[in-house]
There are 2 protein chains.
Amino acid sequence: MIVPTSYRTHPSPLESGLRLDGKRMTPQRKRVLSLFEEIGSGIHLSAEEVHSKLTSSGERVSLATIYRTLKLLVKMTFLNELDLSEGGNRFELLSHDHPDHHHLICIRCGRTEEFENNEVINAGKAAAKNFGFKLLESSLNVRAVCPLCINK
Amino acid sequence: MIVPTSYRTHPSPLESGLRLDGKRMTPQRKRVLSLFEEIGSGIHLSAEEVHSKLTSSGERVSLATIYRTLKLLVKMTFLNELDLSEGGNRFELLSHDHPDHHHLICIRCGRTEEFENNEVINAGKAAAKNFGFKLLESSLNVRAVCPLCINK
DNA sequence: TTCAATGTTGCAAGCAGTTCTCATTACGCT
DNA sequence: AGCGTAATGAGAACTGCTTGCAACATTGAA
Ligand SMILES: [Mn+2]
Ligand SMILES: [Mn+2]
Ligand SMILES: [Zn+2]
Ligand SMILES: [Zn+2]
């Protein structure tokens, strides 16, 4: 068996995406995306939460960079940005299995559940078509109180 | 014909709503609600817009009072608060004919169209029921680009 | 391997929208 | 008219986020 003398490591999707836009791979960017990949989809983190998760595990990243990186990762379609209207916006790994899910939010404790519903997707499409708008995205937020919070 | 010597004017819905809560009727509160009633439903104003509409027509109201009054009128169900996620939150007269409409927003110029859709309402109800949450409200925001904004 | 070009970071200042503090004003009741 | 207390105005404060800038790090070329 022949062992190559040098490894040509495949650039990650992040790295190649950055490259063809003249952007650079940095440890900060790798760490932010890795965090989301490690915790998996279905978790919705604020910028502050991302920041404290990284710094409390010894990484040195500034909050400004977190904001810049999250915005970049959203533009690159690695992440999805949610406006759940309680506290700051939240970010989640964009899962290509469930790209169009919606959120049920407990306004007391923040617990957030996901659900999918095609009628909702179609309602958005229909509304845009009706008025001649070009659809970008539609999001249904259901504000509610969860069982644990229901009695005070 | 007998002309009464004193008129007992009916208290407005605003006034009676305030009364039974120990709250007081003020010119500011009357003006803010009147503004929405005059422009009619289907108009979505930010706090700043409410403020400048009132002050530019000669009224003296502070922005802090606008915010306080808007919140109060929402709690009293005269107004509805929208989180359209571009710029600040917006407020509209709560029309009892179309209580549960949704919004299609042009992210370029802010133009906002309304639409109703029962499947969406049901989707929210179903999601809440499924997870045992007590539903408060569900809002579908469709972000899009309007015909006038579509070519740059 | 070195180096220059330029993209990226950290920090602090800035900003937009909203809430809060507190002294003053003014409803509403008698 | 007078009193108790709710509401207002003015500005400070706060939150979530963005930006300007000097120092720094990555990349590609030499
Ligand atoms: Mn989600
Ligand atoms: Mn509306
Ligand atoms: Zn809860
Ligand atoms: Zn437009």
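Summary of values
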| item | result |
| --- | --- |
| Qualifying residue in the stretch B:82-89 (condition: free of Cβ contacts under 8 Å to residues at least 24 places away in the same chain and of a type outside the set (Gly, Ala, Ser)) | no |
| Residues that are closer than 16 Å to residue A:43 by Cβ, small (Gly, Ala, Ser) and within 15 Å of DNA strand D (Cβ to nearest atom), drawn from the stretch A:53-105 | A:87, A:88 |
| Matching residues in the stretch B:54-79 - criterion: being open to solvent by 70 Å² or more (accessible area, probe 1.4 Å) and near DNA strand C (Cβ under 10 Å from one of its atoms) | B:60, B:67, B:68, B:71 |
| Odd one out for residue A:47, checked against (1) free of Cβ contacts under 8 Å to residues at least 12 places away in the same chain; (2) of a type in the set (Gly, Ala, Ser); (3) open to solvent by less than 70 Å² (accessible area, probe 1.4 Å) | (1) |
| Scope the stretch A:80-108; condition away from DNA strand C (no atom under 16 Å from the Cβ), open to solvent by less than 70 Å² (accessible area, probe 1.4 Å) and closer than 16 Å to residue B:141 by Cα; matching residues | A:80, A:82, A:101, A:102, A:103, A:104, A:105 |
| Subset of the stretch A:125-152 that is surrounded by 14 or more Cβ atoms within 10 Å (Cβ to Cβ) and polar (S, T, N, Q) - its residue that is farthest from residue A:83 (Cα to Cα) | A:138 |
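Listed here are the residues, each with its yes/no results for (1) at the interface with chain B (Cβ under 10 Å from one of its Cβ atoms); (2) without any contact (Cβ under 8 Å) to a residue 60 or more places away in the chain; (3) within 16 Å of ligand 3 (Cβ to nearest atom).
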residue: A:74; (1), (2), (3): no, yes, no
residue: A:93; (1), (2), (3): no, yes, no
residue: A:103; (1), (2), (3): yes, yes, yes
residue: A:111; (1), (2), (3): yes, yes, yes
residue: A:116; (1), (2), (3): yes, yes, no
residue: A:124; (1), (2), (3): yes, yes, no
residue: A:151; (1), (2), (3): no, yes, yes
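The values are calculated or read from the model by the stated rules, or taken from the named source; none is laboratory data. Here the structure is a predicted model, which is why all the values come from computation and not from measurement. No Cβ is skipped: glycine too gets one built from the backbone with ideal geometry, and neighbour counts run over all protein chains shown. Please note that ligands, DNA and RNA were not included when accessible areas were found on the heavy atoms of the full protein model with its side chains. Shrake-Rupley method; radii C 1.70, N 1.55, O 1.52, S 1.80 Å.
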